[in-house]
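Data block below; observations after.
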Amino acid sequence: MPINITMPALSPTMEEGNLAKWLVKEGDKVAPGDVIAEIETDKATMEVEAVDEGTVAKLVVPAGSEGVKVNALIAILAADGEDVAEAAKGGNAAPAKAEAPKQEAPKEEAAPAKAEKPVADQAAAPSTPAPVAKSGERIFASPLARRLAKEAGLDLTAVSGSGPHGRIVKTDVEKAAASGGAKAAPSAAAGAPAPALAKGQSEEAVLKLFEPGSYELVPHDGMRKVIAKRLVESKQTVPHFYVSVDCELDTLLALRAQLNAAAPEKDGKPAYKLSVNDMVIKALALALRDVPDANVSWTESNMVKHKHSDVGVAVSIPGGLITPIIRKAEEKSLSTISNEMKDYGKRAKERKLKPEEYQGGTTAVSNMGMMGVKSFSAVINPPHATILAVGAGEQRAVVKNGEIKIVNVMTVTLSTDHRCVDGALGAELIGAFKRYIENPMGMLV
C-alpha cells in the first residue's frame, strides 16, 4: 500500500513549518536515511530523512510552501513492487494549512493557512490530529511509528519513546506490540473544540485608533508567533520573583585582560578571546553547582533536580531570538565556553542550529549590557526555573571604608519561578554568582 510522508515534528513546540526545498523528485527511489527535503522551522532550517524504502510517487506539497501543519501529508511513496501511478492517486489535493510560495505582498486578511483540505476519499491523507496525552500535550512520534501503531491497534499515548527528546520510534512500537500493552484508546468525540489560545486585542479594534494609510501591516512570521505564545504562557503560569545585586567588575576585567593576553596562537590567531559574557555564563553555572536546590524545573508531580548546569544564552537574530545551550558549563573551561558561544552565535544568525543545541537547558542568561541597558528583568523560559538578566558595566561612585571610590559595577537581576526557587533560595543563588564575579580566580580552579 502507499506510504505517507508527513510533515515531521522537528521540535516539541513545532506546530507548523515551511517546506523550503525538495531534494528528490517524483520517480526517485529512496531508502531509509536518505535526505529528501529541507524544512524551515521558526528557529532553523533542517534536513528531513526518509524512514521507509520506496519510489517517490507524488510530491503533494510544492517546494516553498509555508505554514504546513505537523502531520500533514507532504508526499507519497510507492512501496517495493507497487504501481507508482496507483500510489500517486492518493495525493491529488494539497494538505491542510499548506500555502503556496508567495508571489505578491501579503494582504491584510492573509492567514498562514489557505490551501484546501484533502478530499474525503483520499484514505492516504491524514484525517485525525496527532495523539494527545491525558495532560493535553501532543505525543511526538515518527511517521513510521504512527503507521505501525495504527496497524497494530496501539495507543501511542501509552508508549514510551526512546528517540531524541522522548520521540516514539519504530522499535518502541514493536516492543509495545510484543508486550501486549498500549491497547488502542477509544476514539475522541468528533468535533471536540481545540484548546483556546490567549488572544490579544483584535486587529480591527487596534486599527480603528489610527488614520487609514498611516500604517502598514507586517504579518507575523513563525518565530515571532512562537515567541509570543511562549512568553504569554510563561507570564500566565509561572509566578515570577525578582532579586537584583550589583557586582564589582574591576578584578574580573583585569583577569580577563590577562587571560586574553596569554592566549596561545592557533592558525595565526589567538586560540580564544574571552568576553565578560563568557565569564558570566561560567559564574552562573558554578553558582548552580554550589546551590543545587536552585538547579531545578517544576512539574505538577515532581521537582526535577538537574545534575549539571546547562546554561542557555539568548542570542538576537533577525525576527526574534534563540537560546543556544552550553551543556555542562560548570565543567568547561572559559576558553571552551567562549569558542562554543562564538560558534553558536554564528550559526544561530544563519539559522543552522540543531534542535538539541537550543532545546532544554536548566537556566539562561540574557545580556543587554552591550546595548547600554543598565538593568532589566527577563521572562523565564520554561522548563527553566531561573534566568539572569545582565546589565551594562559602568563606572560608579562606591563608598569603601568611609571613602568614595570609582569602580566598574554591573547590575544583574535574577528572575525565579517562585514555585520551586523562592526568595531566600534565589538570594542564595545570586549571592554565589556575585562571589564568582567579584573573585573570578575561583572560576579557574
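Note the full-extension length gain between Ala178 and Lys374 as 0.36 nm times their separation in residues minus their Cα-Cα distance, in nm to one decimal.
64.5 nm
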Using a 1.4 Å probe, what is the accessible area per residue for the range 8-92, in Å²?
-> 41
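Ignoring ligands, DNA and RNA, what percent of the accessible area of the range 360-445 is carbon or sulfur (1.4 Å)? Don't skip to the end; give the middle numbers.
Numbers: 2070 of 3790 Å².
Within the range 360-445, the accessible surface is 55 percent carbon and sulfur.
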Relative to the Cα centre, what is the charge dipole magnitude of the range 249-390, using +1 at the beta carbon of each Lys and Arg, -1 at the beta carbon of each Asp and Glu, and rounding to the nearest 20 debye?
-> 380
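For the range 394-445, state which GluC sites (Glu not before Pro) are in a DSSP loop and have at most 11 other beta carbons lying within 10 Å of their beta carbon.
Numbers: sites: Glu394, Glu403, Glu428, Glu438; in loops: none.
Counting only loop positions with at most 11 other Cβ atoms within 10 Å, none of the GluC sites (Glu not before Pro) in the range 394-445 qualifies.
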What does the charge count near Ala57 come to, summing +1 for each Lys or Arg and -1 for each Asp or Glu among other residues with Cβ under 14 Å from its Cβ?
-> -4
Taking a 1.4 Å probe, which of Asp267, Asp422 shows the most accessible area, and what order do the others take after it?
-> Asp267, Asp422
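Looking at this model, which pairs from Lys175/Lys352; Lys21/Lys170; Lys58/Lys352 are more than 30 angstrom apart at the alpha-carbon? Mind showing how you got there, number by number?
Numbers: Lys175/Lys352 35 Å; Lys21/Lys170 26 Å; Lys58/Lys352 28 Å.
Where the Cα-Cα span goes over 30 Å, the pairs concerned are Lys175/Lys352.
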Under 17 Å from the Thr251 label point (7 Å along Cα→beta-carbon), backbone N, the range 424-438 = 430-438
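Top to bottom by accessible area (1.4 Å), largest first, where do Phe241, Phe140 land? Write out the running numbers ahead of the final one.
Details: Phe241 75, Phe140 40 Å².
Sorted descending by solvent-accessible area, the residues read Phe241, Phe140.
Using a Förster radius of 30 Å, what is the FRET efficiency between Asp267 and Asn408 based on their Cβ-Cβ separation? Nearest 0.05, please.
Working: r = 33 Å, r/R0 = 1.10.
About 0.35, to the nearest 0.05.
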Post the alpha-carbon centroid distance, the range 256-304 to the range 395-444, in whole angstrom.
-> 16
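Keeping all protein chains in place and using 1.4 angstrom, which order do Asp172, Asp28 fall into by accessible surface area, from largest down?
Values: Asp172 10, Asp28 40 Å².
Descending order: Asp28, Asp172.
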Quote the accessible area belonging to Val60 in square angstrom, nearest 10, computed with a 1.4 Å probe and with ligands, DNA and RNA left uncounted.
-> 10
What is the range 195-305 by shape, rounded, prolate or oblate, if you read a ≥ b ≥ c off the alpha carbon gyration tensor as root eigenvalues and call it rounded for a/c under 1.5, prolate for a/b larger than b/c, and oblate otherwise?
-> oblate
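The values are calculated or read from the model by the stated rules, or taken from the named source; none is laboratory data. Every value quoted in this text rests on a predicted model; they were computed, and no experiment measured them. FYI the Cβ positions are ideal-geometry reconstructions off the backbone, even for glycines, and counts take in every protein chain you see. Just the protein is used for accessible areas: all its heavy atoms, side chains included, with ligands, DNA and RNA removed. Shrake-Rupley method; radii C 1.70, N 1.55, O 1.52, S 1.80 Å.
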